[in-house]
1. Quick one: divide the alpha-carbon radius of gyration of chain A by 2.2 N^0.38 Å and tell me what you get.
2. The range B:126-154 to the range B:1-60: how many Å between their Cα centroids?
3. Taking 0.36 nm per residue of sequence separation and subtracting the Cα-Cα distance, how much length would be gained by fully extending the chain between residue A:56 and residue A:13, in nm to one decimal?
4. Cut-off 10 angstrom, C-alpha nodes, Gaussian network model of chain B. Which of B:58, B:146, B:197 fluctuates the most?
5. With a 10 Å Cβ neighbour count serving as the proxy for reagent exposure, in which order, fewest first, do B:217, B:202, B:84 appear?
6. From the C-alpha gyration tensor of the range B:43-146, pull out the three semi-axes of the equivalent ellipsoid (sqrt of 5λ each), sorted largest to smallest, in whole Å.
7. With the convex hull built on the Cα atoms of the protein assembly as shown, state its orientation-averaged projected area in nm².
8. Over its Cα atoms, what ratio of radius of gyration to 2.2 N^0.38 Å does the range B:1-86 give?
């Protein structure tokens, strides 16, 4: 049986911070003149960086997309069916 | 060569995202005309519920290419007016086929359409993403960032218009997205381009096809 302790929560928070930092570094490489359409909303590079920094709903969504991509890239799953 | 097949386009243009999709339909409409299809173009504010319903209820349409915003249960037109909603009477769509270039519609609405008698439906079960360059706002068709995302998505319809099956259309679009992804991940791409790869990857995973995929328009 898994037990969640305050130590687990601290580790989770640290990991979340590290992932957010990783995504921020990747987003900083986006071209300055870009806008991104995610669903029905449009975001500039500055918007994306701000949402991820704030950790709001949009920011979490962008982090999740980036992490999914990086995990599949690392596992080789991204090259499946090619 | 003329055909008796009718194609309905919805392409609102009320915000930057829909405006890009609006322009990226131009080449598909030209192709449909050149192949002899009868094109019904609900462009800009014409992409409203009244116009859409009257075309569907006339029962002449064979294929619908929907562009715009949406969610799991709703596909929208101009100013995000709902055109098709899950849970409503979808019987008028029986026998039609569709490509829905919108977010998440395939999660619920797409499945419901197929279970209501739609022959085949391709679309996205997740958010549809693309990048644009602010330098090309007035020339969307020349936008090199948008091309990476929208050219493969157009391939669904161009493949169908050339007489191929829904299975072919889906797989060619997937292959084109994967080819672009490979380019983005390769040394041949710029750091700018590489940073967009994640969004294209989500589109690849989000694109789905339901129904009889051996069907053609």
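Bear in mind these aren't lab numbers, they're just calculated from the coordinates by the rules spelled out. Note that the coordinates shown come from a computational prediction; the quantities given were computed from them, not determined experimentally. Here the Cβ is made from the backbone with ideal geometry for all residues, glycine too, and neighbour counts use every protein chain on show.
1. Scaled against compact globular proteins, the figure is 1.29.
2. Centre-to-centre distance over Cα atoms comes out at 19 Å.
3. Contour length minus the Cα-Cα distance gives 14.0 nm.
4. Largest GNM mean-square fluctuation: B:58.
5. Result, fewest neighbours first: B:202, B:217, B:84.
6. Each semi-axis is √(5λ); the values are 26, 16, 12 Å.
7. Its Cα hull, projected and averaged over all orientations, spans 17.5 nm².
8. 1.06
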